[in-house]
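Participant: Attaching a single structure in structure tokens format; questions to follow.
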């Protein structure tokens with residue numbers, strides 16, 4: 001993941017780049033479009049004729065040096081015009097330029113010279129009469145300023161009022177346009193005698209306008225911010241996904257450990273040989289019964305001991321003894337309730353704790369279990385073997401501890417063993 005310091009470094013770099021671009025923009029050389037002199041472009045002079053003489057005449061056509069005398073009585077002025085395109089109706093797009101650099105050598109008595117630009121648009125111009133219907137835009141330059149090159153901004157040009165009025169131009173078309181400039185030139189609108197030499201005219205602009213540059217910078221920063229926001233969101237989402245996966249893995253590991261724990265707990269409280277609870281498992285239940293407020297009324301305890309079990313082990317082997325233990329555990333387990341607590345107490349002894357049972361039913365259950373075992377034929381190595389158990393039985397007083405109850409059941413078992421075995425002995429509280 002990108003660290004906060006990295007974000008700060010990227011922003012600082014963006015600030016430096018922005019500052020460099022703004023500073024470098026002011027040092028960029030201007031975009032220059034030479035318009036005159038240009039041998040490919042046609043230029044001419046014009047003016048009214050009077051009694052065989054012309055108001056405009058060439059002094060030296062090769063360098064566009066001419067005279068222009070505008071006297072009272074002339075119906076229109078005299079001047080010079082330069083065709084900008086390859087023909088009279090096809091012009092050039094000057095809308096991406098800022099203005100013109102103009103160098104004119106002037107001698108005469110006119111206070112001002114008029115600079116004009118013509119733009120042709122079929123929406124309001126008659127292409128067949130391009131010389132009169134094309135849009136006329138003008139500005140005036142003081143002749144005293146022509147002693148040095150003059151810069152005329154496009155914003156200085158305004159549409160001639162006479163053109164708007166004469167051709168009844170709609171308001172939306174009355175603003176200056178330069179997308180198809182077909183001609184530019186100079187002329188005089190005051191009576192005067194003038195000698196002019198056109199030295200140089202060029203369109204000047206910026207490769208990248210300030211408005212475009214600042215818009216680009218704003219767009220760049222907005223894009224940078226949006227990218228950072230989405231990148232941070234992506235990283236947060238990625239981290240959240242990874243954390244969720246990690247949590248899921250931990251939960252799965254916990255469940256696995258919990259299952260293993262339960263499995264180990266089950267193994268630790270289960271007798272491996274018989275599959276019933278071992279002594280530790282039984283004691284867990286006894287602790288809950290005798291160390292809590294659980295009602296112990298109507299509860300009984302049976303303590304089982306296999307008769308002559310050592311003889312079985314000694315004569316038939318320990319495998320036979322294990323088989324007998326397993327069979328007896330299964331017989332008892334199949335004949336008790338699921339609420340009864342049954343387990344192997346140790347060696348050949350088993351214990352059964354019964355809840356909600358009366359004294360008579362406890363004795364009957366003990367006899368039933370004893371008879372089930374006695375009547376069962378154990379097959380050991382293909383030979384039938386009869387096995388019996390002795391049972392000590394007692395009921396539980398609610399105020400007693402398990403140790404007291406167990407001693408009484410054990411005493412009853414001892415009596416059953418000494419009285420001939422294969423019998424149930426009951427001892428009351």
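The values are calculated or read from the model by the stated rules, or taken from the named source; none is laboratory data. These numbers were taken from a predicted model, which means no experiment stands behind them. As a convention, Cβ positions derive from the backbone with ideal geometry for all residues, glycine included, and neighbour counts pool all protein chains shown.
Participant: How about the range 117-143: which of its residues are without any contact (Cβ under 8 Å) to a residue 24 or more places away in the chain and more than 18 Å from residue 76 (Cβ to Cβ)?
Facilitator: Quick first cut of the range 117-143, residues without any contact (Cβ under 8 Å) to a residue 24 or more places away in the chain only: 122, 125-126, 128-129, 132.
Answer for the range 117-143, where residues must be without any contact (Cβ under 8 Å) to a residue 24 or more places away in the chain and more than 18 Å from residue 76 (Cβ to Cβ): 122, 125, 126, 128.
Participant: Sticking with this one: Among residues belonging to the range 110-144 that are touching a helix residue (DSSP H, G or I) at 6+ places or on another chain (Cβ under 7 Å) and surrounded by 23 or more Cβ atoms within 10 Å (Cβ to Cβ), point out the one that is modelled with the highest pLDDT. Spell out how you get there, then give the answer.
Facilitator: From the range 110-144, those touching a helix residue (DSSP H, G or I) at 6+ places or on another chain (Cβ under 7 Å) are 110-113, 120, 123-126, 135-136, 139; that's our starting set.
In the following step, the residues that additionally are surrounded by 23 or more Cβ atoms within 10 Å (Cβ to Cβ) were identified as 113, 120, 135.
Details: 113: 96, 120: 93, 135: 93.
Within the range 110-144, the match that is modelled with the highest pLDDT is 113.
Participant: Can you tell me which residue among 164, 227 is at pLDDT below 95, part of a helix (DSSP H, G or I), out of contact with any strand residue (DSSP E or B) (no Cβ under 7 Å at 6 or more places or on another chain) and closer than 30 Å to residue 54 by Cα?
Facilitator: Selected residue: 164, the only one of 164, 227 that is at pLDDT below 95, part of a helix (DSSP H, G or I), out of contact with any strand residue (DSSP E or B) (no Cβ under 7 Å at 6 or more places or on another chain) and closer than 30 Å to residue 54 by Cα.
Participant: Given (1) buried (at least 17 other Cβ atoms within 10 Å of the Cβ); (2) in contact with a strand residue (DSSP E or B) (Cβ under 7 Å, 6 or more places away or on another chain); (3) without any contact (Cβ under 8 Å) to a residue 60 or more places away in the chain, identify the lone condition not met by residue 174.
Facilitator: The failed condition is (1).
Participant: Something else now. Could you tell me whether the range 287-302 includes any residue that is at pLDDT 90 or above, farther than 29 Å from residue 401 by Cα and assigned by TED's automatic domain parsing to the domain that holds residue 369?
Facilitator: Taking every residue of the range 287-302 in turn, none turns out to be at pLDDT 90 or above, farther than 29 Å from residue 401 by Cα and assigned by TED's automatic domain parsing to the domain that holds residue 369.
Participant: Here's another thing I want to ask about it. Between residues in the range 212-229 that are at negative phi and residues that are outside any helix (DSSP H, G or I) and loosely packed, with under 13 Cβ neighbours inside 10 Å, which pairs lie under 7 Å by C-beta distance while being six or more apart or on different chains?
Facilitator: Pairs that qualify, where the first residue is at negative phi and the partner is outside any helix (DSSP H, G or I) and loosely packed, with under 13 Cβ neighbours inside 10 Å: there are none.
Participant: Considering each of 266, 280, 320, 259 in turn, give the residue that is at pLDDT 90 or above and over 24 Å from residue 373 (Cα atoms). Steps first, please.
Facilitator: Numbers: 266 fails: at pLDDT 90 or above; 320 fails: over 24 Å from residue 373 (Cα atoms); 259 fails: at pLDDT 90 or above.
Exactly one residue qualifies, and that residue is 280.
Participant: Does residue 398 satisfy being surrounded by fewer than 19 Cβ atoms within 10 Å (Cβ to Cβ), under 21 Å from residue 288 (Cβ atoms) and touching a residue at least 12 places away in the same chain (Cβ under 8 Å)?
Facilitator: Working: surrounded by fewer than 19 Cβ atoms within 10 Å (Cβ to Cβ): yes; under 21 Å from residue 288 (Cβ atoms): yes; touching a residue at least 12 places away in the same chain (Cβ under 8 Å): yes.
Yes: the conditions hold for residue 398.
Participant: Read through the list (1) without any contact (Cβ under 8 Å) to a residue 40 or more places away in the chain; (2) closer than 18 Å to residue 330 by Cβ, then give the number of the only condition that residue 415 fails.
Facilitator: That leaves (2) as the condition not met.
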